[in-house]
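> Encoded as structure tokens, here's the structure I'll be asking about.
Please treat every number below as a calculation from the coordinates, not as lab data. What you see is a predicted model; the values in this text were computed from it and never measured.
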Amino acid sequence: MNILELLKKSISDPQALLMALRLVADLSDGNTRLSAETRGEIQAKILELEAGVK
């Protein structure tokens, strides 16, 4: 299970999930162990949520 799956299962409120994913994305800009695929999935989910939240 990656961080995106964990957050999606743990946070049901779309705005809270969006905030958590933005935080993870900000943190993953540095030296982290997230794969490029996971970072891409997180960015895609952020865009999806931003479109739905606005």
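> With axes computed from alpha carbons, what is the tilt in degrees of helix 36-53 against the longest principal axis of the chain, rounded to the nearest 10 within 0 to 90?
Value to nearest ten degrees: 20.
> Expressed as a fraction of 2.2 N^0.38 Å, the rule-of-thumb size for a compact globular protein of N residues, what is the C-alpha radius of gyration of the chain?
1.05
> Report, to the nearest 10°, how far helix 14-27 tilts away from the longest principal axis of the Cα atoms in the chain, using its own Cα long axis and a range of 0 to 90°.
Result, in degrees: 20.
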